[in-house]
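One structure below.
The values are calculated or read from the model by the stated rules, or taken from the named source; none is laboratory data. All figures in this text were calculated on a predicted structure; none of them were measured in a lab. Please note: Cβ atoms are built from the backbone with ideal geometry, for glycine as well, and neighbour counts cover all protein chains shown.
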DNA sequence: CATTTGACGCCAA
DNA sequence: TTTGGCGCCAAAT
C-alpha cells in the first residue's frame, strides 16, 4: 500500500453516516489537491467492505461510479439520509 | 521502464 | 447553461 492510498482509505473511512465528500475534498485532505482522479482510481481498484467508498461523490453533485453499480451507491446514500 | 487507463475537475467556447 | 477539451495523479498493462 502506498502512503497516498493509505491516507485516502483513512479519510474515506472517517466519513460519518449521512455525509458525503467529493473526490476533490478527499484529495485535498490527503494533501494532493490535484489528485482527485487518482482518488477515484484507488477506490475503484481497491474496494474493501470496510471502506464506505459510496460516501464519495463528484464535485458536480453527480454520484460518479461504484463497483457494485451506481444504483446501489445512490440507494445507500438515500438510506443514510443524504439529500441534495 | 513507457504508455494507457480511469469512480475527476476546471476552463473556454 | 451545456459540452468539449485539457490537465493531473496513481495504478495497471
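The table for this structure:
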{"quantity": "Those residues of region A:36-53 which are more than 21 Å from residue A:17 (Cβ to Cβ), touching a residue at least 24 places away in the same chain (Cβ under 8 Å) and near DNA strand B (Cβ under 6 Å from one of its atoms), in sequence order", "calculated": "A:38, A:40"}
{"quantity": "Residue count for region A:18-50, restricted to those that are surrounded by fewer than 19 Cβ atoms within 10 Å (Cβ to Cβ), more than 10 Å from DNA strand C (Cβ to nearest atom) and either within 18 Å of residue A:1 (Cβ to Cβ) or more than 10 Å from the chain's Cα centre (by Cα) (or both)", "calculated": "8"}
{"quantity": "Region A:36-70: number of residues that are in a helix (DSSP H, G or I) and either at pLDDT 95 or above or closer than 14 Å to residue A:25 by Cβ (or both)", "calculated": "12"}
{"quantity": "Residues within region A:16-35 that are near DNA strand B (Cβ under 6 Å from one of its atoms) and assigned to a strand (DSSP E or B), tallied", "calculated": "1"}
